[in-house]
1. Of the conditions (1) surrounded by 10 or more Cβ atoms within 10 Å (Cβ to Cβ); (2) within 47 Å of the chain's Cα centre (by Cα); (3) of a type in the set (A, V, I, L, M); (4) under 30 Å from Phe163 (Cα atoms), Ala146 satisfies every one except a single condition; which number is it?
2. Which of (1) touching a Ser or Thr at 6+ places or on another chain (Cβ under 6 Å); (2) part of a helix (DSSP H, G or I) does Lys100 not meet, given it meets every other one?
3. Within the set of pairs 6 or more residues apart or between chains, which connect a residue that is over 12 Å from Ala86 (Cα atoms) and among the hydrophobic types (A, V, I, L, M, F, W, C) inside the range 46-74 to a residue that is modelled with pLDDT of 90 or more and in a loop (DSSP other than H, G, I, E, B) with Cβ atoms less than 6 Å apart?
4. Name, by its number, the condition in (1) loosely packed, with under 10 Cβ neighbours inside 10 Å; (2) within 53 Å of the chain's Cα centre (by Cα) that does not hold for Val160.
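The values are calculated or read from the model by the stated rules, or taken from the named source; none is laboratory data. Note that the structure is a prediction, hence the values are computed from the model and not measured. Note: ideal-geometry Cβ built from the backbone for every residue, glycine included; neighbour counts use all protein chains shown.
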Amino acid sequence: MLTTVARALRGSKSITWRSLSTSSYLSAHGTSSDPVPYYTKPSYYDSRALPLPDVPYVSELNPQQKVLKEKEAGSWTQLTKEEKLALYRISFNQSYTEMKKGTPSEWKTVLGVVFYFLAFSGIYLWWHRTYVFGPVPHTLSDEWVAMQTKRMVDMRVNPVTGFSSNWDYEKNTWKK
């Protein structure tokens, strides 16, 4: 469609063929001889969730590894155990069991994170009680609660199954 429009407008002085052509911009879209930036390539990483990475662990092979890769194309029964392990280490840094193993000092990290969150929670609780909550209302004082309880007993509030049902009015004490 672009070429049809370009041919129709070819005679026009305001729009030229060069302004409608995309061939001059191809170098900006990857056909240039510039190398691909490293951050656009897939990278190797060990992960228990994805144990097969997109690229091998070793990207630049040394001469010994090149000879080993050539031997890999042949029969694997002719390879020794060390050579098979070396071939594995070209593709992978760690085995799955090595990834799962963890480190001997991992408990220190876990304990440090737990203490960090406990300290943060304690500081947050202190800040909340100091600056967010107001003073404790007077109705929560021991004297007020005692007066309120006496008043509820005197008024015989819910005498069948509720509060006053636990009060012995003859002995003037709580029932056991």
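1. (2)
2. Every listed condition holds for Lys100 apart from (1).
3. Short answer, once both residue conditions are applied: Val55/Tyr44.
4. (2)
Matching residues to (1) among the hydroxyl-bearing types (Ser, Thr, Tyr); (2) within 20 Å of Pro42 (Cβ to Cβ):
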position: Glu60; (1), (2): no, yes
position: Pro63; (1), (2): no, no
position: Ser75; (1), (2): yes, no
position: Asn93; (1), (2): no, yes
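Here is a yes/no grid of residues against (1) modelled with pLDDT under 95; (2) on the phi > 0 side of the Ramachandran plot; (3) in the same structural domain as Asp54 (by TED's automatic domain parsing):
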{"position": "Ser95", "(1), (2), (3)": "yes, no, yes"}
{"position": "Tyr116", "(1), (2), (3)": "no, no, no"}
{"position": "Ala119", "(1), (2), (3)": "no, no, no"}
{"position": "Ile123", "(1), (2), (3)": "no, no, no"}
{"position": "Trp144", "(1), (2), (3)": "no, no, no"}
{"position": "Lys171", "(1), (2), (3)": "yes, no, no"}
{"position": "Lys175", "(1), (2), (3)": "yes, no, no"}
